[in-house]
1. Regarding B:L105, is this residue under 28 Å from B:K48 (Cα atoms) and not small (G, A, S)?
2. Residues of the range B:7-24 being touching a Gly at 6+ places or on another chain (Cβ under 6 Å) and away from every other protein chain (no Cβ under 14 Å), which ones?
3. Here is a check on your reading of the model: is B:S215 touching a strand residue (DSSP E or B) at 6+ places or on another chain (Cβ under 7 Å) and among the polar types (S, T, N, Q)?
4. Which one of these does B:T382 not meet: (1) closer than 30 Å to B:L409 by Cα; (2) outside any loop (DSSP other than H, G, I, E, B); (3) in contact (Cβ under 8 Å) with a residue 60 or more places away in the chain?
5. When the range B:33-55 is examined, which residues are found to be more than 9 Å from every other protein chain (Cβ to nearest Cβ) and not in a helix (DSSP H, G or I)?
6. Considering only the range B:191-278, give the strands (runs of 3 or more DSSP E) lying wholly within it that have at least 2 residues that are at pLDDT 95 or above.
7. Taking strands (runs of 3 or more DSSP E) that do not extend beyond the range A:86-142, which have at least 1 residues that are farther than 22 Å from B:F139 by Cα, more than 9 Å from chain B (Cβ to nearest Cβ) and not acidic (D, E)?
8. Across the range A:143-182, which residue is nearest to A:E218 (Cα to Cα) among those that are of a type in the set (F, W, Y) and within 13 Å of another protein chain (Cβ to nearest Cβ)?
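The values are calculated or read from the model by the stated rules, or taken from the named source; none is laboratory data. The structure displayed is predicted, hence computed values, not measured ones. All Cβ positions, even for glycine, are placed from backbone atoms using ideal geometry, and neighbour counts span all protein chains on display.
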Number of protein chains: 2
Amino acid sequence: MRLSRYFLPILKEAPKEAEIVSHRLMLRAGMMRQQNAGIYSWLPLGLKVLKKIEAVVREEQDRSGAVEILMPSIQPADLWRESGRYDAYGKEMLRIVDRHEREMLYGPTAEEVVTDIFRTYVRSYRDLPLNLYNIQWKFRDEVRPRFGVMRGREFLMKDAYSFDVDQAGALRAYHKMFVAYLRTYKRLGLTAIPMRADTGPIGGKLSHEFIILASTGESAVFCDKDLLDLPVPGEDVDFEGDLSPVVDMFTSRYAATDEMHDEAAFAALPEERRVSARGIEVGHIFSFGTKYSEPMGAKVAMPDGSEQPVIMGSYGIGVSRLIGAIIEASHDDAGIIWPESVAPFGAGVISLRPDDAAVTAACEDAYAKLSAAGKDPLYDDTAARPGAKFASMDLIGLPWQIIIGPKGLADGVVELKRRATGDKELVSLESAIARVTEKA
Amino acid sequence: MRLSRYFLPILKEAPKEAEIVSHRLMLRAGMMRQQNAGIYSWLPLGLKVLKKIEAVVREEQDRSGAVEILMPSIQPADLWRESGRYDAYGKEMLRIVDRHEREMLYGPTAEEVVTDIFRTYVRSYRDLPLNLYNIQWKFRDEVRPRFGVMRGREFLMKDAYSFDVDQAGALRAYHKMFVAYLRTYKRLGLTAIPMRADTGPIGGKLSHEFIILASTGESAVFCDKDLLDLPVPGEDVDFEGDLSPVVDMFTSRYAATDEMHDEAAFAALPEERRVSARGIEVGHIFSFGTKYSEPMGAKVAMPDGSEQPVIMGSYGIGVSRLIGAIIEASHDDAGIIWPESVAPFGAGVISLRPDDAAVTAACEDAYAKLSAAGKDPLYDDTAARPGAKFASMDLIGLPWQIIIGPKGLADGVVELKRRATGDKELVSLESAIARVTEKA
């Protein structure tokens, strides 16, 4: 993309309302604009990152065997009356009445809708196991939205729902999502720790939150330091095989959120392994049995001819919130440092003199070659001052920068900068392109 | 995808509520489920098609130079008060009040929000031209939703918004979208005719609807038969060049919707060129000048230092509605016939005897080779009867079917079926795979 044809409204000053670094940087980098408390427009740079995160989440859901659907944002109130949650959900639910006085709501989650889909079509144990997921906008009418995408009202969530005939199957489904989540966060450059968690309004007994450690985290968390370095399964992991050794490895170490914390168990750890920190929740998984299938009549015929309510679980990842979490985990004073997997562009090409024919020719050459190599470069071809260009490029945090000016070209070199380390090298244009495009 | 691990709930009977063929076929093929009047869950097959259409729309918007953003579904009422449309819009607007009694709405379109984004960041004529688009769910509270996705309440729309300093620039922006739309429909296998149209609540003077001819269309349309065969620009079209010859070629022939129809002009055509038919609107473009920028104060500094309201246009494609339009245009008694560009899977592999080792080996071979070639096959590995498998595969309308059974294998052949023509051939498995994977 040529910057002259793009829409990247960089702000020089951090807006006052932004209290945490990810919120400040997302506003300054022109990633989003608040339209209403906790409701954002995604500007081009922010949307690109959002879509990259969404793609990683989708790939790992697909790999685990979950099947994608898309449920509507507006749901009928009657379904929530069937489950008993309509009155119980409280003011976080955005309630709506249509022109015919029908009661509806903007879905904060979708257990009811997916259970309705299931009971409409599925009749037999033969059709199980089944895991249906969707990546859809949700709305929770937070009393005090803040921290940008970390606690917004309209937010993008991946929510999956598993259906099994028995507890053993339900546990396998839970393990699949557990491992899919570990892989997802790893690919996003995050170290997420599964912690036993309270189940809240979703219900059920077995639940884990996936937590990133960050000083701006919303809650206190406690865990065994060993958890920070455990290996995450590779992409060859067999989701049809036994995943319990992986799950056991993570769950046998102490890790708990505030609500579930057991001080005595934590104190039993050697002192150097006790991590007491703040955490950001980036996922939450639940196994809740027949909480929805029983009242909503979602049953399957069993081999012996009997009918039985299906055993369910639900599994959420806050896709838009992950952008904030990644920035909290990866930034410096100059701006964002994107992991390669979600960087909005693979590299930046900075022209120091757009009015110089040799510089422009070299920039166009780099732009064409990086594009052809699939690196999707952002080419700053504008007339802005070099200092402003450097600051903007550091702020938006692309992994590489190739800086091209007349002096260097006269010596046969360009500057190659690695954003994460700040390392700069003077190399030939060909070498710079080769470095940026080489496989990791 | 192996059908045994997929979720494809085929219905034997068309539900009564479905009045038109696309609605019937989408329900029978397990593409979607109605959750509420005019509000649907997208089941896996339907979602795959929706995403393919969305991808084509996105590619052509990008090619034309438009830049993607994403505006929220929930918009503040105050912005609509600024433009004067909040009270004028009527009951089709879904109005919402949040927990703090703030008035909001589910966006039926986004002129106000995008104008707000523009005025926040853009100050100078130097930043123009600019075209921002988004592909986002919209809600229109239709008094009588029907015809499935053709007149739903929650629907997916691509809406683009252009910003220019003068009328000449605005016309270039209009021409770019005009040509991008022609290319989009062509790639979707549709013949869409641009027709002069009424501007309705969006406002402005210059407007075209893009119309598909179909007997189930919602309105009467009139056009010159020549329009059905005009050439559409290829992907090498220069969007920075002069597009007016293309636009003139289409707009110089008679074509009008009911509201704009001029019987005298139509009657002047030779009788054999007069097409009087029903049409389905699949897109609508508007040039409306300063209708929003003036009241909302979206101005740019001009070269002479003066400030001037920006000239705008908006451009919509009903992405979810297009699925219905494509099915209306491409089906037979047995079911849907997808154009290759949007087929949910590239080919079907049908095992006639999943309990036969040789058949299974051949099916697995076909499945692996088609997958490796990027054809994303659907492999019916279930225990259903052959007749049911044939009917389902015809119903869901994949371009190719490879049917593998023990008798054929004994003779060294499989059956290759082309869904569009119904042509069947007995060929070797290798030939069948070669035919399916060869470039069109």
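1. No, not satisfied.
2. Of everything in the range B:7-24, those that are touching a Gly at 6+ places or on another chain (Cβ under 6 Å) and away from every other protein chain (no Cβ under 14 Å) turn out to be B:S22, B:H23.
3. yes
4. All conditions are met except number (2).
5. If the condition is that a residue be more than 9 Å from every other protein chain (Cβ to nearest Cβ) and not in a helix (DSSP H, G or I), then B:Q34, B:G38 are the ones that fit.
6. So the answer is B:192-196, B:206-213, B:219-224.
7. Values: elements: A:94-97, A:103-106, A:130-139.
Of the strands (runs of 3 or more DSSP E) lying wholly inside the range A:86-142, those with at least 1 residues that are farther than 22 Å from B:F139 by Cα, more than 9 Å from chain B (Cβ to nearest Cβ) and not acidic (D, E) span A:130-139.
8. Looking at residues that are of a type in the set (F, W, Y) and within 13 Å of another protein chain (Cβ to nearest Cβ), I get A:F155.
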